[in-house]
1. Here is a list: 51, 70, 20. Which entry is free of Cβ contacts under 8 Å to residues at least 40 places away in the same chain, closer than 29 Å to residue 120 by Cβ and touching a helix residue (DSSP H, G or I) at 6+ places or on another chain (Cβ under 9 Å)?
2. Identify the residue in the stretch 156-186 that is in a helix (DSSP H, G or I), farther than 18 Å from residue 268 by Cβ and within 16 Å of the ligand (Cβ to nearest atom) and, among all such residues, is nearest to the chain's Cα centre (by Cα).
3. One residue is enough: does the stretch 96-114 have a residue meeting the conditions out of contact with any strand residue (DSSP E or B) (no Cβ under 7 Å at 6 or more places or on another chain), in contact (Cβ under 8 Å) with a residue 60 or more places away in the chain, under 30 Å from residue 210 (Cβ atoms) and surrounded by 22 or more Cβ atoms within 10 Å (Cβ to Cβ)?
4. Please verify whether residue 248 is under 30 Å from residue 12 (Cα atoms) and either part of a helix (DSSP H, G or I) or in contact with a strand residue (DSSP E or B) (Cβ under 9 Å, 6 or more places away or on another chain) (or both), treating the condition exactly as stated.
5. Please verify whether residue 203 is assigned to a helix (DSSP H, G or I), within 16 Å of the ligand (Cβ to nearest atom), within 24 Å of residue 240 (Cβ to Cβ) and touching a helix residue (DSSP H, G or I) at 6+ places or on another chain (Cβ under 9 Å), treating the condition exactly as stated.
6. Just name the residue that is farthest from the ligand (Cβ to nearest atom) out of those in the stretch 99-113 that are within 20 Å of the chain's Cα centre (by Cα) and in a helix (DSSP H, G or I).
7. Only one of (1) surrounded by fewer than 16 Cβ atoms within 10 Å (Cβ to Cβ); (2) more than 16 Å from the ligand (Cβ to nearest atom); (3) more than 23 Å from residue 274 (Cα to Cα) fails for residue 153. Which number is that?
8. Any idea how many residues of the stretch 179-188 are modelled with pLDDT of 95 or more and touching a helix residue (DSSP H, G or I) at 6+ places or on another chain (Cβ under 6 Å)?
Ligand SMILES: [Zn+2]
């Protein structure tokens, strides 16, 4: 089973504006239209069986609406192969109530994006949410490193992520982008920590809308293989960040990186299936 652990979609009515807005804001090229059906076309082309959707609540008042749409997605996972995390903002009113409701509805976890949400990952509000998620045994996918939408902002730097990992031990934390987008040196300090990391857009190439390559240097394949081995392939999850990279291209980059067969099997789906509780019993 091939699993893409890091994707984004938007409701059909909002997708054109949301994707165009982000693409313009960060000068990023989008590789699908940001709708659920667009993602399914991309998955079929790439040979991906299951995609995990990571909704980002950028304003606390959006929490309910985003989670209603996410629950609707999850009512059809068996037909669509789309499985959404829940959304929450560190300033969401009564986060405990929201998280308990998500857990009761069977959501496997939540997504946090410290830069889009404007709250550092080591802020007490974030720590509280991760603590609650740990109590409820929920996955917490967290953006890690820089973000082209917020140049220079360090709210999810590997150093701050290390503080979170120290303060709130929770084995189901997933740090996106190999632990630190465009902060590859700093992220090395996180490898081996008791958390998962995803591969989203680490190896690039990511492009500007014009088609030019972005200036941030991607991780080389050699460095990627070293990083996977340093952290442990059983805790590395393939992710594309679709629509911000092409799923087929991202998967090919992982497959051609030089990992051994067993490592590839773990990274491209085995590790994620275990984390999601989908692994077939022996
Ligand atoms: Zn993302």
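1. 70
2. The selected residue is 179.
3. Within the stretch 96-114 (the criterion being out of contact with any strand residue (DSSP E or B) (no Cβ under 7 Å at 6 or more places or on another chain), in contact (Cβ under 8 Å) with a residue 60 or more places away in the chain, under 30 Å from residue 210 (Cβ atoms) and surrounded by 22 or more Cβ atoms within 10 Å (Cβ to Cβ)), the answer is no, since none of the residues qualifies.
4. yes
5. Judged against the criteria, residue 203 is not a match.
6. Within the stretch 99-113, the match that is farthest from the ligand (Cβ to nearest atom) is 103.
7. Residue 153 satisfies all of (1) surrounded by fewer than 16 Cβ atoms within 10 Å (Cβ to Cβ); (2) more than 16 Å from the ligand (Cβ to nearest atom); (3) more than 23 Å from residue 274 (Cα to Cα) except (2).
8. Count: 4.
The values are calculated or read from the model by the stated rules, or taken from the named source; none is laboratory data. The structure displayed is predicted, hence computed values, not measured ones. Glycine also receives a Cβ, built like all others from the backbone with ideal geometry; neighbour counts cover every protein chain displayed.
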